[in-house]
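Reading through the structure tokens given below for one structure.
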């Protein structure tokens, strides 16, 4: 049961990061669409910064699970956040 909750937390954390990235692209993007904004961000080298900002909604999910005493799901969200951070570092320095 605990492993299932951790996987659910990871999925929720990754989904929150993706939704956050889309929202950040809509707010800070300079293109006419999400794809244009994504291409511009990659070409200008600011994609990793936008990706990091997109992970902010994970805070809400993490604290929501902590408040509901669902520690395994909160652990999954934390794992997803670390995965996003490591991916950001890999993209940034490669």
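Throughout, read-outs are computed from the coordinates displayed, never taken from laboratory work. Predicted model, so just to flag it, every value in this text is computed and none were measured. Positions of Cβ are generated from backbone atoms using ideal geometry, with glycine treated the same way; all protein chains shown enter the neighbour counts.
Please give the number of the condition residue 64 fails out of (1) assigned to a helix (DSSP H, G or I); (2) touching a helix residue (DSSP H, G or I) at 6+ places or on another chain (Cβ under 8 Å); (3) surrounded by 13 or more Cβ atoms within 10 Å (Cβ to Cβ); (4) without any contact (Cβ under 8 Å) to a residue 40 or more places away in the chain.
(2)
Within region 15-24, count every residue that is surrounded by fewer than 17 Cβ atoms within 10 Å (Cβ to Cβ) and either touching a residue at least 60 places away in the same chain (Cβ under 8 Å) or out of contact with any helix residue (DSSP H, G or I) (no Cβ under 7 Å at 6 or more places or on another chain) (or both).
Number satisfying all stated conditions: 3.
Collect the residues in region 43-61 that are in a helix (DSSP H, G or I) and within 16 Å of residue 26 (Cβ to Cβ), keeping them in residue-number order. Spell out the reasoning first.
From region 43-61, those in a helix (DSSP H, G or I) are 43-44, 47-54, 57-61; that's our starting set.
Selection gives 47, 49, 50, 51, 53, 54, 57.
Among 6, 40, 12, 27, which is without any contact (Cβ under 8 Å) to a residue 12 or more places away in the chain and surrounded by 15 or more Cβ atoms within 10 Å (Cβ to Cβ)?
On the way: 6 fails: without any contact (Cβ under 8 Å) to a residue 12 or more places away in the chain; 12 fails: without any contact (Cβ under 8 Å) to a residue 12 or more places away in the chain; 27 fails: surrounded by 15 or more Cβ atoms within 10 Å (Cβ to Cβ).
Among 6, 40, 12, 27, only 40 is without any contact (Cβ under 8 Å) to a residue 12 or more places away in the chain and surrounded by 15 or more Cβ atoms within 10 Å (Cβ to Cβ).
Return yes or no: is residue 51 surrounded by fewer than 17 Cβ atoms within 10 Å (Cβ to Cβ), closer than 14 Å to residue 18 by Cβ, touching a residue at least 24 places away in the same chain (Cβ under 8 Å) and touching a helix residue (DSSP H, G or I) at 6+ places or on another chain (Cβ under 9 Å)? Full working, then the answer.
Working: surrounded by fewer than 17 Cβ atoms within 10 Å (Cβ to Cβ): no; closer than 14 Å to residue 18 by Cβ: yes; touching a residue at least 24 places away in the same chain (Cβ under 8 Å): yes; touching a helix residue (DSSP H, G or I) at 6+ places or on another chain (Cβ under 9 Å): yes.
Taking the combined requirement at face value, the residue does not satisfy it.
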